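Here the structure comes first, spelled out in structure tokens, and everything after it is commentary.
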Amino acid sequence: MEEDKIIDQSELAKSVGNSIKYTFYDHFLVKPLDPIKVKKEFTVPVDTTVHEDKNGVKAEDFKETSTEVKEVDSDYRKGIVIKCPAYYDDPSVKQGAQVGDVVIFRDAAGLRFDLVKDSRLLRQYDILGFEK
């Protein structure tokens, strides 16, 4: 379902990128997509016994644990390249991600760029892979 949304993004990304008046030297301007959800297992205590020592300090003993599966945000995120760095104008360099490509990066990577709503500046090494 998400793939259908991404298909027509390249033309939109190109038109948005052309309207941005900034040129970036070594950063890609990326519009992050919705967070990726993953299922993770968590171990939680089930049966506890509360003990109180002579000073009134309470301690809990965990006799058993269980495993719960929760859906959480992934540490990684997809985004659409809106603008490439200035050095990408050289035809010999154009072998990586281009405007309109979907890239994957760590959610904590890059710089938030508040001059363009909901966008980030990523260096080339922040981009882990891309979809063509």
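The values are calculated or read from the model by the stated rules, or taken from the named source; none is laboratory data. Predicted model, so just to flag it, every value in this text is computed and none were measured. Neighbour counts run over all protein chains shown; Cβ positions are idealised from the backbone, glycine included.
Which residues, taken from segment 56-88, are of a type in the set (Val, Ile, Thr) and touching a Leu at 6+ places or on another chain (Cβ under 9 Å)? Across segment 56-88, the qualifying residues are 80, 81, 82.
Mind listing just one residue for me: the one in segment 47-72 that is among the β-branched types (Val, Ile, Thr) and surrounded by 10 or more Cβ atoms within 10 Å (Cβ to Cβ) and, of those, farthest from residue 85 (Cα to Cα)? So, considering only residues that are among the β-branched types (Val, Ile, Thr) and surrounded by 10 or more Cβ atoms within 10 Å (Cβ to Cβ), the one farthest from residue 85 (Cα to Cα) is 48. For segment 11-46, filtered to residues that are of a type in the set (Phe, Trp, Tyr) and touching a helix residue (DSSP H, G or I) at 6+ places or on another chain (Cβ under 8 Å), the residue that is surrounded by the most Cβ atoms within 10 Å (Cβ to Cβ) is 28. Taken as a whole, segment 5-16 holds at least one residue that is over 22 Å from residue 113 (Cβ atoms), among the β-branched types (Val, Ile, Thr) and at pLDDT below 75. Within segment 86-101, the set of residues being of a type in the set (S, T, N, Q) and at pLDDT 75 or above comprises 98 only. Being among the β-branched types (Val, Ile, Thr) and either touching a Leu at 6+ places or on another chain (Cβ under 9 Å) or under 18 Å from residue 121 (Cβ atoms) (or both) holds for only one residue in 16, 50, and it is 16.
Answer yes or no: is there a residue in segment 36-57 that is in a loop (DSSP other than H, G, I, E, B), touching a residue at least 24 places away in the same chain (Cβ under 8 Å) and out of contact with any strand residue (DSSP E or B) (no Cβ under 6 Å at 6 or more places or on another chain).
Looking for residues that are in a loop (DSSP other than H, G, I, E, B), touching a residue at least 24 places away in the same chain (Cβ under 8 Å) and out of contact with any strand residue (DSSP E or B) (no Cβ under 6 Å at 6 or more places or on another chain), one finds at least one in segment 36-57, hence yes.
In segment 112-132, which residues are farther than 16 Å from residue 75 by Cα, outside any strand (DSSP E or B) and among the charged types (D, E, K, R)? Across segment 112-132, the qualifying residues are 114, 117, 118, 123, 132. Per the listing 98, 124, the residue uniquely of a type outside the set (Ser, Thr, Tyr), touching a Ser or Thr at 6+ places or on another chain (Cβ under 9 Å) and surrounded by 11 or more Cβ atoms within 10 Å (Cβ to Cβ) is 98.
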